[in-house]
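The values are calculated or read from the model by the stated rules, or taken from the named source; none is laboratory data. Just so it is clear, the structure is predicted and the values come from calculations on it, not from any experiment. A quick note on method: Cβ atoms are made from the backbone with ideal geometry, for glycine too, and the neighbour counts reach across all protein chains shown.
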Amino acid sequence: MYKKIEIFVKNNRQSLSASQLKWESFFKGLLKVMSILLLILVTGVLITLIVQSLPSIKALGIGYLWGKVWDPVQNIYGAYPFLIGTLLTSFVALIISIPFSYAIAIYLGEYNTSGWLSNLLKNTVELIAAVPSIIYGFWGLFVLVPLVRTFEMKFHIAPYGIGIFTASLILAVMIIPYAASLGTTLVRMVPSSLKEGAFALGATRYEVIRSVVLPYTRSGLFAGILLSLGRALGETMAVTMLIGNTSAVPTSLFAPGNTMASVIANEFTEADHTVYLSALIELGLVLFLVTVVINLIGKRIITRFTNN
Amino acid sequence: MKLIKSLKIAVVAAAVATGSIMSASAQDNTLLGAGSTFIYPLFSKIFADYAKTGVKVNYQSIGSGGGILQLTNKTVDFGDSDAPLNEEQAKKIGVPVLHIPMASGAVVITYNIPGVSSALKLNGKIIADIYLGKVTTWNAAEIKADNKGVNLPDLPIVVVHRSDGSGTSFIFTDYLTKVNGEWEKRVGRATAVNWPVGLGGKGSEGVAGLVKQTPGAIGYVELAYAKQNHMPYAFVQNKAGKFIEPTLASTTASSNVELPADSKVSLTNTANASGYPITSFTWAIIYKEQNYNGRSKERATQLVKLLWYNIHEGQKECAPLNYGSLSKSAVKVAEKILKEATYNGKAIL
Amino acid sequence: MNARLGIRNTKSIIFKVIIFILAFLITIPLIVILLYIVKQGIGQVNWHFLTHVPAPVGETGGGISNALVGSIIIVAMSSVIAIPIGILAGIYLSENSSTKLAYYTGLCVDILQGVPSIVVGIVVYFWVVKPLGTFSAISGSIALAIMMLPIVIRATEETLKLLPPSLKEAALALGVPYHRVMLKVIIPCGFSGILSGIMLSIARIVGETAPLLFTAFGSPFLSYSITKPIQSLPLLIFNYATSPYDEWHNLAWGASFILLLFVLILNITTKLITRRWKVQL
């Protein structure tokens with residue numbers, strides 16, 4: 001029976017003309033070329049970043065990473081204020097967003113997996129991710145900033161309005177969808193047998209979630225946090241408009257600061273010394289490496305989780 | 001499927017066709033400029049008028065530092081800066097450039113103090129101390145001393161400076177360096193300095209925006225920006241001890257100096273008794289030898305003609321926007337410099 | 001025993017309420033932002049707004065035609081670059097998922113997906129802007145195309161993996177050459193999934209600002225040239241929002257409204273397509 005199919009296929013394949021076979025191999029080669037193109041692209045990005053950072057690496061050495069001074073006049077550059085700014089905004093945003101992301105994941109994954117209300121929430125979350133960041137920044141500048149300013153004046157803090165806190169707030173809203181949608185998928189993947197076993201033992205819904213669902217999805221939810229973090233670290237426009245653009249280590253949560261991405265956006269086109277431009281690109285290199293590592297770790301955890 | 005494929009091909013063909021047609025035609029009649037935000041309101045008006053001649057000018061106000069960089073990278077036809085090229089910038093460009101003065105302008109100290117609508121009187125030392133972070137509230141003794149009768153509230157001063165490389169910053173820090181020894185030692189003068197305190201705004205637009213929206217804020221912008229946005233500005237004490245209001249007259253008074261042949265001069269802290277102490281020229285910068293990167297003679301001529309227009313007919317736009325126009329002798333110096341522009345060694349004008 | 005059960009049940013109910021509240025709290029920022037943009041922007045949009053360039057500083061009237069045309073041109077060119085490469089790479093990944101090349105390519109796609117957009121802008125500046133000697137629409141398109149690629153590739157790969165293998169094998173058995181099998185049988189079958197990926201990637205890049213800061217650069221003029229600087233909607237919003245001029249703020253609100261409308265329409269259309277064809281992305 002299989003022999004017959006084999007012969008059938010062989011005869012039909014043999015009937016292909018030489019030019020058709022040539023097109024076939026051309027096409028297969030083209031597919032390979034496109035994939036290699038991607039490899040070249042990513043390698044190219046890394047190489048360009050490294051090569052353009054070299055003047056700064058040579059001039060400033062490793063001390064660049066903890067240098068606290070960013071002084072274009074005297075050509076002293078230190079990335080520390082921006083590392084702090086980036087980490088501070090990202091982690092504050094993460095902390096603010098986690099309760100909401102988890103709540104959405106649990107709601108959509110456990111309590112209400114289908115139906116109009118569930119779809120409404122799911123669509124809302126996806127739309128939040130779809131809104132361009134420039135619009136978040138623009139809206140934040142005109143609505144969030146005055147609100148924060150009034151808040152600051154009430155508590156006798158300098159009424160900047162813009163600063164680390166405001167930037168973190170808008171960032172939190174923007175990154176909720178990433179952990180939320182991943183979390184939803186994971187929570188739904190919890191085997192019903194585990195949950196039903198717990199219910200059979202008399203557990204309440206809350207107890208099932210707390211002692212079965214959450215531990216089971218722990219590593220996956222952690223991956224979701226990593227993905228949200230990766231997004232937060234690289235976010236540029238909304239943060240640039242709301243963070244205050246001050247190249248000093250922020251003195252408090254409500255002080256202005258700068259992130260690696262925002263200082264690049266602000267000063268790239270005006271960097272007039274070679275070392276200045278190179279220092280900015282070195283920031284880009286650091287940003288690239290950090291976000292790539294975090295994203296890859298997150299993705300690895302997810303594949304391992306979904307394959308188990 | 002066929003539809004999609006043919007659509008794709010159509011789009012590609014259309015893009016290529018349009019691209020080549022339009023780039024061929026648009027190639028030689030749009031000049032690119034970048035640089036100072038200081039001069040932007042004036043340029044914006046002049047170039048809008050100049051477009052009637054058929055030559056369009058695309059000027060991006062990315063800051064003086066940015067303008068010089070783009071000129072060095074040869075991605076623009078001309079740059080504009082409120083500070084002449086420093087040594088390292090000149091070295092990086094490597095070949096001679098021409099600085100052509102365009103106009104002079106005043107950098108004003110603008111502020112947003114709820115309840116205070118009259119003009120404050122400030123002197124240079126106090127301004128520097130505010131920007132050093134040493135004077136932190138509006139009702140500080142030093143400020144009150146010069147402003148008796150003004151109801152200064154107990155409000156923290158929110159310092160605003162430029163976050164990008166700026167000639168306006170250069171003018172401002174140049175002045176502060178001259179009037180405050182501590183500023184000279186700690187910060188110095190440049191287009192981008194290590195600001196001790198304060199928020200950064202991008203461009204004069206950013207600074208004006210921040211000051212306008214933040215109670216207690218103080219910032220420095222061109223007179224044109226403050227006027228356009230109905231923002232209050234201070235009378236600053238000049239070298240002669242008088243508190244001078246930044247106006248067209250006081251700007252012109254301080255820029256009424258003898259220009260050296262290369263036109264590079266600093267006007268801050270002027271000795272002129274009725275001059276406003278924070279003023280400066282702004283210069284358009286072009287390559288002396290215009291045949292680089294395969295530029296056509298036509299393009300070089302258009303550029304030089306544009307700048308010639310700026311120093312002659314364009315000057316009438318200065319006064320309404322409160323920029324000081326070039327004095328007759330300044331125009332002569334500018335003409336001479338512009339005539340040094342060459343194409344393949346031969347003078348263009 | 002009953003009291004204990006009662007407490008546990010109460011805890012469970014309280015937990016459900018908390019979760020419900022926290023989960024739906026997210027709708028508030030979305031509604032607030034959408035309403036605000038609509039309110040501020042819708043009044044700006046009229047025929048004049050869509051067909052004129054911005055007026056010089058201090059003058060009223062003027063519009064965003066240069067940004068609209070610019071965005072359309074840049075997005076069109078990015079799509080032309082990214083869609084063929086993305087689909088072909090996606091085909092390779094789904095067909096040869098066990099090879100080493102596929103593994104490393106998949107890794108690269110993951111890396112690209114995580115690269116901050118500002119870094120892409122830096123790199124394209126050195127690859128295209130500096131050699132060309134000018135900012136240009138094409139450099140902006142290349143930067144945005146790089147950002148489109150991961151989405152298109154993953155969508156193609158996932159969609160094709162979901163198709164039954166018998167489809168391909170039957171076509172091959174009939175003697176159809178490999179390239180025709182892929183292009184005329186497989187791709188059309190996975191069309192909706194791939195189309196969704198394309199539309200999502202377009203929705204993503206049409207609002208991107210950072211990569212365009214040092215590539216397309218922006219322009220106050222209407223331009224159709226691909227080798228000159230060009231304006232785009234997000235660039236205009238960024239520049240005008242941070243200005244102190246009220247007229248420019250108005251333009252920025254109008255532009256934000258148009259941008260938001262476009263992005264929402266794309267996203268909703270994508271959802272309708274996937275729902276209708278029941279392809280899971």
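Here are the numbers:
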| read-out | value |
| --- | --- |
| Qualifying residue in segment B:195-203 (condition: more than 10 Å from chain A (Cβ to nearest Cβ), assigned to a loop (DSSP other than H, G, I, E, B) and in contact (Cβ under 8 Å) with a residue 40 or more places away in the chain) | no |
| Flag for C:Glu169 being within 11 Å of chain A (Cβ to nearest Cβ), over 21 Å from the mean Cα position of the chain (by Cα) and among the acidic types (Asp, Glu) | yes |
| Failed criterion for C:Leu172 (all others in (1) farther than 21 Å from A:Asn11 by Cα; (2) assigned to a helix (DSSP H, G or I) hold) | (1) |
| Qualifying residue in segment B:98-115 (condition: surrounded by fewer than 22 Cβ atoms within 10 Å (Cβ to Cβ), closer than 20 Å to A:Val73 by Cβ and of a type in the set (A, V, I, L, M)) | no |
| Some residue of segment C:78-89 being at the interface with chain A (Cβ under 9 Å from one of its Cβ atoms), outside any helix (DSSP H, G or I), buried (at least 19 other Cβ atoms within 10 Å of the Cβ) and not aromatic (Phe, Trp, Tyr) | no |
| Selected residue (criterion: nearest to A:Leu221 (Cα to Cα)) from residues of segment A:95-121 that are of a type in the set (A, V, I, L, M, F, W, C) and surrounded by fewer than 16 Cβ atoms within 10 Å (Cβ to Cβ) | A:Ile95 |
| Residue that is of a type in the set (S, T, N, Q), modelled with pLDDT under 85 and outside any loop (DSSP other than H, G, I, E, B), where the choices are C:Asn250, C:Asn267, C:Asn239 | C:Asn239 |
| Any hit, segment A:72-82, residues being within 14 Å of chain C (Cβ to nearest Cβ) and either β-branched (Val, Ile, Thr) or surrounded by 13 or more Cβ atoms within 10 Å (Cβ to Cβ) (or both) | yes |
| Residues of segment B:325-342 classified as among the small types (Gly, Ala, Ser) and closer than 14 Å to B:Tyr309 by Cα, total | 2 |
| Residue that is farthest from A:Ile176 (Cα to Cα), among those in segment C:1-42 that are more than 7 Å from chain A (Cβ to nearest Cβ) and touching a residue at least 12 places away in the same chain (Cβ under 8 Å) | C:Ile42 |
| Some residue of segment C:110-120 being surrounded by fewer than 22 Cβ atoms within 10 Å (Cβ to Cβ) and more than 9 Å from every other protein chain (Cβ to nearest Cβ) | no |
| Which listed residue, of C:Ile198, C:Ile202, is farther than 30 Å from B:Gln213 by Cβ, buried (at least 23 other Cβ atoms within 10 Å of the Cβ) and at pLDDT 90 or above | C:Ile202 |
| Only listed residue being facing chain C (nearest Cβ under 7 Å), in contact with a Leu (Cβ under 8 Å, 6 or more places away or on another chain) and under 25 Å from C:Ile118 (Cβ atoms), chosen from A:Leu182, A:Leu127 | A:Leu127 |
| The one condition in (1) within 11 Å of chain C (Cβ to nearest Cβ); (2) small (Gly, Ala, Ser); (3) part of a helix (DSSP H, G or I) that A:Gly197 fails to fulfil | (1) |
| Candidate set: segment A:134-143, residues that are modelled with pLDDT of 90 or more and more than 7 Å from every other protein chain (Cβ to nearest Cβ); chosen: the one surrounded by the most Cβ atoms within 10 Å (Cβ to Cβ) | A:Gly137 |
| Positions within segment A:91-119 being more than 10 Å from every other protein chain (Cβ to nearest Cβ) and within 17 Å of the chain's Cα centre (by Cα), in sequence order | A:Phe91, A:Val92, A:Ala93, A:Leu94, A:Ile95, A:Ile96, A:Ile98 |
| Members of segment B:241-256 that are assigned to a loop (DSSP other than H, G, I, E, B) and surrounded by fewer than 18 Cβ atoms within 10 Å (Cβ to Cβ) | B:Gly241, B:Lys242, B:Glu245, B:Thr247, B:Asn256 |
